[in-house]
Structures are given as C-alpha cells and as structure tokens.
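For reference, the structure is listed below as structure tokens.
Laboratory data are not the source of any read-out in this text; all were calculated from the coordinates shown. This structure is a prediction, so every number in the text was calculated from the model and none was measured. Here Cβ is always computed from backbone atoms with ideal geometry, including for glycine, and neighbour counts include all displayed protein chains.
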Amino acid sequence: MPGDIFGRTADGQAVTRHVLDRGGLRVHVIDFGAVVTAIEVPDRAGRRANVVLGLDTLAGYETVSPSFGAVIGRFANRIAGGRFSLDGQTYRLPVNEGPNTLHGGPRNFGRRLWRVERSDATRLALSRRSPDGEEGFPGNLDVQVVYSLPADGLLRIDYAATTNRPTVLNLTNHSYFNLAGEGAGSVLDHVVRLEADAYTPTDATQIPTGEIRPVAGTPFDFRTPHPLGARIRVGDPQLAIAKGYDHSFVLRGTAGTLRPVATCIDPGSGRRLDVSTTQPALQLYSGNTLDGALIGPSGRIYRSGDGVCFETQGFPDAPNRPDFPSAVLRPGTIFQATTTFRFSAA
C-alpha cells in the first residue's frame, strides 16, 4: 500500500509516510530515518492522542531533530573517543558529542533514506545498505527494520542485519513518549518500572566506566513503580552529569529472549505502555537536552522532561569494553532483535 508524500529531502528525494492501523492503535512512519512520527492511542475515556514527540516538517527531521522516533545505527548510544579496534585494526569515527561518537555519528541511520520493501495496513518493512566506511564503520551492512501491528494495541519492531566484513552494530528506536499526549508538558509524573537490578555509571562525558553498579539504594532503582521525577533531583553525581536520566540499565532475563522489561503509566489519562525486548540493555532517557528550541506538531515548545525514551539496545561503548556483551557482527551471521510496545488504558 503506497504511502503519501511527507516531503522532499534537501537534495530532492521524495519521502513517504505510511500509516499502520489496527483497532485503537495507529502508527505513522516515514521512510526517512525509519522515523515513527506519531503513535495514536486512546485514553481511558476512548479519546485518541499522539503519544510521541516529533516535528512538523521533513526539514526538521533532517537538520534539528534529536533523533525523534528514528532507528539509530550503526551504533546506538556512545563510543568513547570516536574510535574502536576490531581484529587488530583501529577505526576512527566522526565525533558529534564532545570527544565521543553518539548514535553512529552526525549522519546516522536516522538521517538516511530507507527503501520501502513492503507496506500494508498492519506491516511496514524498510531496508538500506550502509556502505563500507559510512561514518567510519567497516563492512557493507544490509539492515532491515519491520514495523508491525500483530494484535490490538501492540507495536512490534523487528531488526535484522548482515555484513560482508566484521563490524560493530547496535540498533534501537529512539521514540520520546509522552502518554498524556504530544505537547502535554512534563512526563516526570509518569510512573515507571524497570526490570533491572543494575546500571552502567558513566564518566563526565557519559562514557561507561566499566562498572556494573547495583541500583539498590540509588535514584536508579525502578524495580518498584514510582514517578520518573520522584528522585531526579536527588544530589547524585550521575544525575548531575546527565542532567537527569540518560543511563543504560542491565535488564533481567536472558538476552535473545523476548521478555517484559519496562512499564510506564500516565495517571492522568490512564494510558499504559509495556515494553518487551530481546536486547540486553535499556537506555532510560528523560529528555534532558530538550531546551525550548523545538516546537512540536501541537504548536507547543518541548522542554526538558517533556518526553521519556526506552531505548532497548546493546551496551554503550561495547566495542571498547571486552567485558560487556559483544556488539561484533561477522560475515555469515545474522543480527536479529525484537522490541514490542504494548499500549492500553485503565
């Protein structure tokens, strides 16, 4: 099913928008960046609202978007010093956050046009080849992302990738959720639970120190539900570095197995989000760098804390941390990962 034209890139390429619709759930995706531009779900009274942050124009996604709704690669999160070594060879990457590479560099997968492989009412398959040397990463990488609505209220994202040379890979979707509705203001009253007993603290540039630190007795303990903002102003050095939450949590259960890892509830609307994944980690991000410079489709300004991200992924800086789960992908193997977002209301 063809999509409608969302806009044209700066170099004139047409970008299409595809709408997946099942039951009360409607998901809008564009083939630029494989970006989820809107997720419409009902509240407890049946009133539908978009629950992710975004931008009005394609130009915004090309130039100023902080990865709203995008598929991130080749490497989600941070790589220290914009470099890593693999099989005795050092690779240098463009740095785009202080001394480090964030989300694969300034022209990561979220700033590239994807190919539409299939589009119908409940399924959208997108693919692209990331050529050898793109943003400094080795190997021709063939990657596919499939968005589907397999059941009422359920958005599923399946990732797959292969390479012709050893490379590193870490993929995620970077949606900013506001279950009260896009533009509704702060999400710090959203009640969050994470299935995580530990997290990875960082240095002053937000690179993991290598420690796996228990969450017990810290503001990072979300094992029982509590508001996202309940401890965000506690005088913890880790919160000061990130200006809130921007940390990788070590998820319970076996990586590779689809299992529940997070819940988020907006008390006002009754909307609930349940996240499951096969990935080993989840980056909890409280929208700390939203500073009032961006205006959403609602016509309202986005400020710090106006969205929360549940970025299911591998460990940050894994290419430089042999003690972390490996992010290496080799020829003849297939990278596969799945994340689901289930929406409900009560």
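Of the residues T63, N50, T122, the one whose Cα sits farthest toward the positive end of the charge dipole of segment 4-345, with +1 on the Cβ of Lys and Arg and -1 on the Cβ of Asp and Glu, is T122.
In this rough spin-label picture, where each label sits 7 Å from Cα along the Cβ direction, the D120-N96 distance is 3.5 nm.
Taking only C-alpha pairs under 8 Å that are 6+ residues apart, what is the relative contact order of the chain in percent?
18
At a Förster radius of 35 Å, what calculated FRET efficiency corresponds to the Cβ-Cβ distance of D21 and R83, to the nearest 0.05? Don't skip to the answer; put the middle values down first.
Values: r = 44 Å, r/R0 = 1.27.
Plugging the Cβ-Cβ distance into 1/(1 + (r/R0)^6) gives 0.20.
Cβ-Cβ distance of V328 and A204, R₀ of 25 Å, FRET efficiency by 1/(1 + (r/R0)^6): the value works out to about 0.35.
Taking the Cα centre of the chain as reference, the dipole from Cβ charges on Lys and Arg (+1) and Asp and Glu (-1) amounts to some 320 debye.
In a DSSP loop and with at most 16 other Cβ atoms within 10 Å, the trypsin sites (Lys or Arg not before Pro) in segment 1-105 are R44, R47. Place a label point 7 angstrom from the Cα of T224 along the Cα-to-Cβ direction, then list the residues of segment 185-204 whose backbone nitrogen is under 20 Å away. Only 189-199 pass the distance filter.
Along the charge dipole of segment 100-245, pointing to its positive end and built from +1/-1 on Cβ of Lys, Arg, Asp and Glu, which listed residue (P219, T209, N173) has its Cα farthest out? My answer, from the dipole projection, is N173. This ranking places F220, F109 by how few other beta-carbon atoms lie within 10 Å of each, fewest first, which gives F220, F109.
Give the calculated FRET efficiency between D11 and A216 to the nearest 0.05, with a Förster radius of 56 Å applied to their Cβ-Cβ distance. Spell out each step's value before the answer.
On the way: r = 52 Å, r/R0 = 0.92.
Once rounded, the FRET efficiency stands at 0.60.
How high is the relative contact order of segment 168-322, in percent, with contacts defined as C-alpha pairs under 8 Å that are six or more residues apart? Each step should come with its number before you reach the end.
Values: 350 pairs, mean separation 47.7, N = 155.
Rounded, it is 31 percent for segment 168-322.
Principal axis analysis of the Cα atoms in segment 4-345 yields extents of 59, 50, 38 Å, listed in decreasing size.
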